[in-house]
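To keep things clear, I will list the structure first and then write my remarks on it.
The values are calculated or read from the model by the stated rules, or taken from the named source; none is laboratory data. The structure displayed is predicted, hence computed values, not measured ones. Heads up, the Cβs are rebuilt from the backbone with ideal geometry, glycines too, and the neighbour counts pull from every protein chain shown. What goes into the accessible areas is simple: the full protein's heavy atoms, side chains included, and nothing from ligands, DNA or RNA. Shrake-Rupley method; radii C 1.70, N 1.55, O 1.52, S 1.80 Å.
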Amino acid sequence: MEAIQFAEPNRQVSVERLQAISRQIRKDILEMLSEAGSGHPGGSLSAVELVVALYFAKMVHNPLDPRWADRDRFLLSKGHAAPLLYAVLAECGYFPKSELKTLRKLGSRLQGHPDPTKLPGVEIPGGPEGIGLSEGVGMALAARLDRKSYRVYVLMGDGELNEGEVWEAAMAAAKYKLDNLTAIVDRNGVQQDGLTEQIMPIEPVANKWRAFNWNVIEVDGYDFEQILGAIDEARSVRNKPTVIVAYTTKGKGVEFMEWQSEYHGKVPDKQTVQKAIEELQKR
Amino acid sequence: MSAKPIQTSMRDALGEALVKLGEEIPELVVVGADTSGSLKLSVFGSKFPQRFFNVGIAEQNMVGVAAGLALAGKKVVCGSYAVFMPGRAVDQIRNTIAYCRLDVKLVGSHGGVSVGPDGGSHQALEDIAIMRSIPNMNVVVPADGISTKKLFTQACRSVGPYYVRLARPSSPAVYTEGTELRVGRAEILRDGSDVAIIAVGLMVDKALRAAQSLREAGVSAMVVDSHTVKPLDAETILSAARTTGAVVTAEEHNVFGGVGSAVAELLVKTHPVKMEMVGVNDVFGESGETDELMAKYGLTEKHIFEAAMKMVKQK
């Protein structure tokens, strides 16, 4: 298959290919978590297509030059989805795929939550929820000051929207009319303690962002046509930041994990993971 | 101490330094949180409006935005009152600025009870302890306006995270414009052989006055301005302890976790000596005039004098 030109802004990558990559990423996530014996499968599996669409089809970046000044930035604010980011970065070629099996091990560059000082391609430190959008605002402001055309994408969890800092950052992004900033909410409906609407109801999510003066696009988080279209629309909107609210499923792709808060931060035994991988391949 | 000392303002000094630094360092940007007039960050804002961002009353976002700007190659100054920053934003400071050793200078103004009438809610007494315990963080507590300008400027010129703690009131000049100060090097302001007074912030001037009274009482007191609390100038402090055999620390901060603790941690491992800590004794402040509060909470020249006399007698 032809290599994807990541630095080419108007590259064409077929939906079929993005789907195939997504299957591979899900397999990598499960294998690395199984090897690590701990980590967060639910929120890694839910957002695969969103991150694949960005890295493989839309973002301008260069795996051979991770600090390239003109690159688009992807900020994983929901840092517990580290396995997803690592699988994608490795698939792009930021580091060898063989390193995925070192996840969470002593001395590994693949920390339990991402550390940009250790691993190339990681933009922000992850772990505490609610900080990424603020960092995205800072980067988008820097881009404007430097007259750079790079875009900043911030992936947040829906549980993460419980954090007050998210809304502080949302106000700031609207104040500064940061149209080079796109937030993506992985609306999988589940957080660590249970369903988001039981733990801390966040509906109406889309209207909350509208009230904060953001451009809002709602998509099915597994429909590449919709995801790609939303990213394009965000690129064309002026004087407003855009949020893409992506309706997803926690644990997507592994039936016994889907919608289960239990699998927010728990990894099943190796045998069960093997079964899950087989199930993935049947789909 | 015959002539009336020149009064200096740490916050005015901060504003002045920022304007100069703004001209010198094109990538310098400043983020404020609705206290930028009070901290004189707005002086920079008027001069460089494109490079100044006021995020409103949102300290966590301020620090997060600062982190993002730094990650994108900017040198960033952000600040507010020390109760709120670090107070409100410790997680953001720890997990972004310090964790990734970002080039952000955090200014916490209104440290200590000298804040005055605003009361205990606005008097930070724990900020040095918090910031000192975070890896990669440098902590600087200037003694007057002149040292604020010099030390803050050096902090800005160097790369990496700094916490610079200021006091609200204007205060007597400890230094002259000609004094050469260096971040990381404690200043011996007065030599002495019986006791060493190691002070920071507004307590440095009071330590100098106490040393004068001690001399009149026949006690030779050394006075050290340990403005860089982290990394501590171990060499100078150790040498002061060896020379005098008795140490008094003085800070406008809780006696738990501040400069007294830092000095004790060093000496207990290297050269244990009799020590007394002048500071706030693990209580919150309250409303009152600066001088009234400094007296009530044990932060005067007299308290330092008495602590020094006690140490000398116990030697």
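Figures for the structure shown
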read-out: Average other protein chain Cβ within 10 Å of Cβ, residues A:161-174; value: 4
read-out: 5 angstrom amide H check on B:Val107, placed H, neighbours 5+ away; value: B:Cys78, B:Gly79, B:Ser80, B:Val164
read-out: Hz values of 3J(HN,Hα) by residue in the range A:171-177 - Karplus curve (6.51, -1.76, 1.60), Gly and Pro given as x; value: 4, 5, 4, 6, 4, 8, 6
read-out: In order through the range A:58-67: 3J(HN,Hα) via Karplus (6.51 cos²θ - 1.76 cosθ + 1.60), integer Hz, x for Gly, Pro; value: 10, 6, 8, 7, 9, x, 7, 9, x, 9
read-out: Centroid-to-centroid separation of the range B:226-243 and the range A:1-69 [C-alpha atoms, Å]; value: 52
read-out: Residues losing 30 Å² or more accessible surface upon assembly, the range B:47-84, compared with the chain by itself, 1.4 Å; value: B:Phe53, B:Asn54, B:Gln60, B:Asn61, B:Gly64, B:Val65, B:Gly68, B:Leu69, B:Leu71, B:Ala72, B:Lys74
read-out: Nearby lysines by direct alpha-carbon distance to B:Lys315 (threshold 18 angstrom, same-chain neighbours under 8 apart not counted); value: B:Lys274
read-out: Solvent-accessible heavy-atom area per residue, rounded to whole Å², over the protein assembly as shown at 1.4 Å; value: 38
read-out: Residues in the range A:87-121 that, when all protein chains are in place, have 20 Å² or more less accessible area than the chain alone would give (probe 1.4 Å); value: A:Asp115, A:Thr117
read-out: For the protein assembly as shown, with +1 on Lys and Arg beta carbons and -1 on Asp and Glu, the positive-most of B:Thr35, A:Ala230, B:Leu232 along the dipole; value: B:Leu232
read-out: Amide H within-cut-off set for B:Gly32, under 5 Å, with H built and near neighbours excluded; value: B:Phe53, B:Asn54, B:Val55
read-out: Cα-based reach from B:Lys296 at 18 Å (exclusive), listing lysines while leaving out same-chain residues under 8 positions away; value: B:Lys206
read-out: Relative contact order of the range B:152-242, defined on C-alpha pairs under 8 angstrom at six or more residues apart (%); value: 32
read-out: Solvent-accessible area of B:Phe84 with every protein chain in place, 1.4 Å probe, in Å² to the nearest 10; value: 50
read-out: Karplus-derived 3J(HN,Hα), 6.51/-1.76/1.60, for each residue of the range A:201-207, Hz, glycine and proline x; value: x, 10, 6, x, 4, 4, 5
read-out: Value of relative contact order over the range A:37-150, rounded to a whole percent, pairs C-alpha under 8 Å and six or more apart; value: 27
read-out: Long-range HN-HN contacts of A:Leu75 with modeled amide H, under 5 Å; value: A:Tyr153, A:Val154, A:Leu155
read-out: Helical contribution to [θ] at 222 nm, DSSP H n ≥ 4, -39,500 (n - 2.57), averaged over chain B, rounded to 500; value: -11000 deg cm²/dmol
read-out: Heavy-atom SASA rank of A:Trp167, A:Trp259, A:Trp214 (probe 1.4 Å, accessible area, largest first); value: A:Trp259, A:Trp167, A:Trp214
read-out: Between the range B:119-192 and the range A:237-283, the Cα center-to-center distance that results, in Å; value: 49
read-out: Long-range lysine pairs (8 or more apart or interchain), the range B:8-172, Cα under 20 Å; value: 21
